[in-house]
Amino acid sequence: MSKIRTVLEMIKFEHSIFALPFALTAALLAAHTATPNGSPWPTWRQVAWIVLAMVGARSFAMTMNRIADLRYDRENPRTKNRALATGALSLPFAWAFTLASAAVLVITAWHLNRLAFELSPVALFALAVYSYTKRFTSLSHFVLGFCLGISPAAAWIAIAGSLDARMLILCAAVTLWVGGFDVLYACQDVDFDRRAGLFSIPKRFGIARALLIARILHVVMIALLVWLAASFALPWPAWAGILVVAGMLIWEHSLVKPNDLSRLNAAFFTINGYISVLFFVFWGAAVWIAQA
């Protein structure tokens, strides 16, 4: 159990909250839109399997990332105290946890429906590939964004057994949201990335331009959310939620300056957690009103 606690701390298990509310929002929209002759809400069984699938997917991705980056984690002053780097966890245990997490995703997908099950290996492949992209491309931030961005599509498929093209708008919005805040997070590793030969937007363009790129990505994200709300003809809480998310993103960017990254962790972890939860609350309320 102590090893399980250690690995959950290593992968920041509590940060599973980032993508989960967007997936649950997609599940609500799918039940509201794609199953007009059935229940207007996802069943508790479906919600439970979706949550387990999300937890399994993220646990697989994060542990795989720590395994792939073990050499760099040992060399980077910011990450040298992580469990694998210090030896607090063994590599065989990390591999076993990774395989168990993959099994959780596949099994939960099988319990949801056939299409979800058939696509689960594709999701695992994408999650595994991300860990290696920073070795050859500055676009690794967008690959990470895509890995989380597919979660709304996956949740829609879990409910409806097929995919509505409009859900790709939310997938793109989440991709840009995650890609933007990963650009912010990468600013603190610019010097190490140069020494190690790794790729990132802050390394390529400098911190000041990277912060501007992150802002642009988040502006486009807001525009996509507006498009999504209009395409589903959602009532006022959805639009209020977009304003709240925009305000939180403005706050996030105000905390990070090219010459002052001291509040980066607050911007990365705390505010983005609030963004995803508040988005779900407001859009959930919008779906509830639309059902009335």
Length-normalised contact order of the chain in % [C-alpha pairs under 8 Å, at least 6 apart]: 21 percent
Label point distance in nm, residue 122-residue 78, each placed 7 Å from Cα along Cα→Cβ: 3.3 nm
Extension gain, residue 219 back to residue 274 (0.36 nm per residue minus Cα-Cα distance, nm): 18.0 nm
Pairwise FRET efficiency - residue 43 versus residue 191, Cβ, R0 = 41 Å, nearest 0.05: 0.25
Protection proxy ranking of 160-173, 45-58, 227-240, 252-265 - average other beta-carbon atoms within 10 Å, highest first: 45-58, 160-173, 227-240, 252-265
Sparsely packed chymotrypsin sites (Phe, Trp or Tyr not before Pro) within region 52-139, loop by DSSP, other Cβ within 10 Å at most 13: 136
Virtual spin-label span in nm between residue 263 and residue 90, 7 Å along Cα→Cβ: 4.5 nm
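Could you count how many Lys pairs in the chain have their Cα atoms under 18 Å apart, skipping same-chain pairs fewer than 8 positions apart?
Step by step, the pairs that qualify in the chain add up to 4.
Any read-out appearing in this document is the output of simple, stated calculations on the displayed coordinates, not a laboratory observation. If you're wondering where the values come from, they're calculated on a predicted model, not measured in any experiment. Cβ sites come from the backbone with ideal geometry, for glycine too, and all protein chains shown count toward neighbours.
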